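Okay, so here's the structure we're looking at.
The values are calculated or read from the model by the stated rules, or taken from the named source; none is laboratory data. Keep in mind it's a predicted model, so treat the numbers as computed, not measured. Neighbour counts run over all protein chains shown; Cβ positions are idealised from the backbone, glycine included.
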Amino acid sequence: MREINQLLIPGVTLQRTEKRTTIKGKPYNYAQYYVYIPKKFEALVKDKEWLVTVILDDQEIPIGLKKPTRHNKHYIITLPSNLAVYWEKYVYKEVTILLERTG
């Protein structure tokens, strides 16, 4: 079977969840941003590391190397929280994900 080096996944919904943790006895809230991998792409992307780029309208945002992680029955790709300025505008809207295999 031939290995796929590049995948373009259109129409995935960018999502956010609020998390709570305790640091040195003080409660701390933060947001985690992610996209679900559609079921039809899961077999192609699981257990591999990908160079991830998020395409928002006409803007490409390189994320870096990511490995999809399991969340309940689905795979997700988490997005860096330090880019929340970009994500907040597109939360619960469709974006395009470009996945590329490295060397």
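Quick look at the numbers
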| read-out | value |
| --- | --- |
| Among the residues listed as Tyr75, Tyr36, the single one being in contact with a His (Cβ under 6 Å, 6 or more places away or on another chain) and without any contact (Cβ under 8 Å) to a residue 60 or more places away in the chain | Tyr36 |
| Failed item, numbered, when Val12 is tested on (1) modelled with pLDDT under 90; (2) under 14 Å from Thr96 (Cα atoms); (3) not hydroxyl-bearing (Ser, Thr, Tyr) | (1) |
| Count - residues of the range 17-46 that are farther than 30 Å from Glu100 by Cα and modelled with pLDDT of 85 or more | 9 |
| Residue in the range 74-93 that is surrounded by the most Cβ atoms within 10 Å (Cβ to Cβ), counting only those that are under 18 Å from Glu42 (Cα atoms) and out of contact with any helix residue (DSSP H, G or I) (no Cβ under 9 Å at 6 or more places or on another chain) | Ile76 |
